[in-house]
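What follows is calculated from the coordinates using simple rules that are stated; it is not laboratory data. Every value quoted in this text rests on a predicted model; they were computed, and no experiment measured them. Please note: Cβ atoms are built from the backbone with ideal geometry, for glycine as well, and neighbour counts cover all protein chains shown.
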Amino acid sequence: MVLVAVSGGMDSMYLAEKVRLEGGPFAIAHCNFQLRGADSDADEELVRSWAVSHGIPCHIRRFDTTVFAGGKGISIEMSARELRYRWFGELCREHGYEAVLTAHHAGDNAETFFLNLLRGTGIRGLCGMAEDSFLPVPEYNDIPLRRPILGITRAEIAAFLKERQIPWREDQTNAENTYKRNKLRNQVFPLLREINPSFEKTLASDMARLRSVSDIADDFYQEYRSVVSDGSHIDTALLRTLPHWEYLLYRLLEEDGCPPSDIERAVAIVRSGESGRQAGVWFSSAGQLVREDHTPLRYAIREEAWDGTESLIQKEGVLILDADKVRGTLEESHWVKGDWFRPLGMRGRKKLQDWFTDRHFSIVDKHRTVLLRDSGHPDPHHVVAIAGYAVDDFYKVTSATRRIFRILPLR
């Protein structure tokens, strides 16, 4: 049994009717984001009435989208996306739905293509949406997300609904050109249809071919990424001996969150075959990625008695932690994806990736930062301390502390 997302608009009513005609069991989920007053309530009533008339199970939920967006500091559009997909995941877990179906069609996919193209993207961004993927929510990313009408145009959808006299609701904001998608849909696409009335179908075929090329490129990247990078350094001398090395470098740096401008400069450095600096990043003649005027820091760890009279505030770069809370031994390491710690005063976990981002660490800074782990901790991704910066809340020095580890930087 699947869950069909139905807004009440033309596209989703088409999908709901198509799924109903196929005869298989399904349920409907409708989100009322309460953004358009009475119109939002009318959308909800249409979906409910249609579901009742056909005996279809229907889930409806109202969201205070504006408050949610303000609390998270994100746009209304992104808030609505997060709210609906998270709720769909909850419904699937609770009721055992096998997949979520959405009514994205050929026009939506064309919009995605052009938005990515204008924003700046690699080949993956030009592949558009996939017919089969998974819910874009970490907790539910094992639940299939399907887009069964991705190859259908809006004109075909409208003709079907009119022929069968199926009601739908028109979102009046679709006629407004406030959003980029609406500008493409209302101003650009009519011009493209004058040139090629079937441009959406043509573009859909092109995107399918691009997906095949992207799959080949992914296979190439996965095969060679570990050859030229150990996770903290990129062997540029070896990199340049490989075919399509610029693409490899682009993917390696992109994966670590390096901005496009820095990637372009890094490619220029490697292409020149010389040591040099761009945006604070060096590619040495030995083929290693290092930071200007720095070598990797190492730290001295000293065990000392603690009587509580010394100030907890240490000199810059010096950390202290409760030695008796360390279950095994302190071991130096570097960042890998999945690492986390609890900042002082916080109960919840903080991903190291997010901590780095908050402090605008570059790819080089991330990989050169020394981390300390407790060999006796059951989770290998748990970090006791970020040397020179922070200590996990559990290991902090308190009034009960009798022994400490003092961590001092050595240059």
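Evaluate the charge dipole of the stretch 298-410 about its Cα centre and quote only its size in Debye, nearest 20, assuming +1 on the Cβ of each Lys and Arg and -1 on the Cβ of each Asp and Glu.
Details: 19 positive and 17 negative charges, 50 e Å.
It works out to roughly 240 debye.
The lysines whose alpha-carbon is closer than 27 Å to the alpha-carbon of LYS162, local same-chain residues fewer than 8 away aside, are LYS18, LYS183, LYS201.
Toward the positive end of the charge dipole of the chain, with +1 on the Cβ of Lys and Arg and -1 on the Cβ of Asp and Glu, the farthest Cα among ALA16, ALA99, PRO136 is that of PRO136. The Rg/Rh ratio for the chain is 1.06, where Rg is the radius of gyration of the alpha carbons and Rh is the Kirkwood radius.
Spin-label pair GLU304-VAL52: with each label point 7 Å from Cα along the Cα-Cβ axis, the two points sit 7.4 nm from one another. For the stretch 78-171, the share of alpha carbon pairs falling in successive 5 Å distance bins from zero is 2, 12, 17, 19, 20, 17, 10, 3, 0 percent. Computed about its Cα centre, the charge dipole of the chain is approximately 360 debye, with only Lys, Arg, Asp and Glu carrying charge at their Cβ. In this simple spin-label model, placing a label point 7 Å from the Cα along the Cα-to-Cβ direction at both GLN34 and SER311 gives a separation of 5.0 nm. Measure up LYS72/LYS315; LYS180/LYS366; LYS180/LYS351; LYS315/LYS366 against 25 Å on the Cα-Cα distance and list the ones that go over. In this structure, LYS72/LYS315; LYS180/LYS366; LYS180/LYS351 lie more than 25 Å apart at Cα. Residue exposure proxy: SER133, SER53, ordered by other Cβ atoms within 10 angstrom of their Cβ from fewest to most, comes out as SER53, SER133.
Computed over the stretch 2-199, the range of Cα coordinates on each principal axis works out to 45, 44, 34 Å, biggest value leading. Look at where the Cα atoms of the stretch 40-95 and of the stretch 349-409 average out, and the two centres are 40 Å apart.
At each listed q (0.12, 0.13, 0.14 Å⁻¹), what is the log10 of I(q)/I(0) that the Debye formula gives for the stretch 1-96 modelled as equal alpha-carbon point scatterers? Once normalised to I(0) and log-transformed, intensities are -0.39, -0.46, -0.53.
Rounded to 0.05, the FRET efficiency of the VAL336 and ASP215 pair, given R0 = 25 Å and the Cβ-Cβ distance, is 0.45. Mean residue ellipticity, 222 nm, helices only, the chain: the sum of -39500 (n - 2.57) across DSSP H runs of n ≥ 4, divided by residue count and rounded to 500, is -12500 deg cm²/dmol. Dividing the Cα radius of gyration of the stretch 161-241 by 2.2 N^0.38 Å, with N the residue count, gives 1.92. Rounded to the nearest 10 degrees, what's the angle between the helix 38-54 long axis and the longest principal axis of the chain, both from Cα atoms, 0 to 90? The two axes meet at around 70 degrees.
An ellipsoid equivalent to the stretch 298-410, defined through the eigenvalues of its Cα gyration tensor, has semi-axes of 22, 15, 14 Å when rounded to whole angstrom and sorted largest first.
Counting neighbouring beta carbons within 10 Å and listing from fewest to most, the residues SER311, SER272 come out as SER311, SER272.
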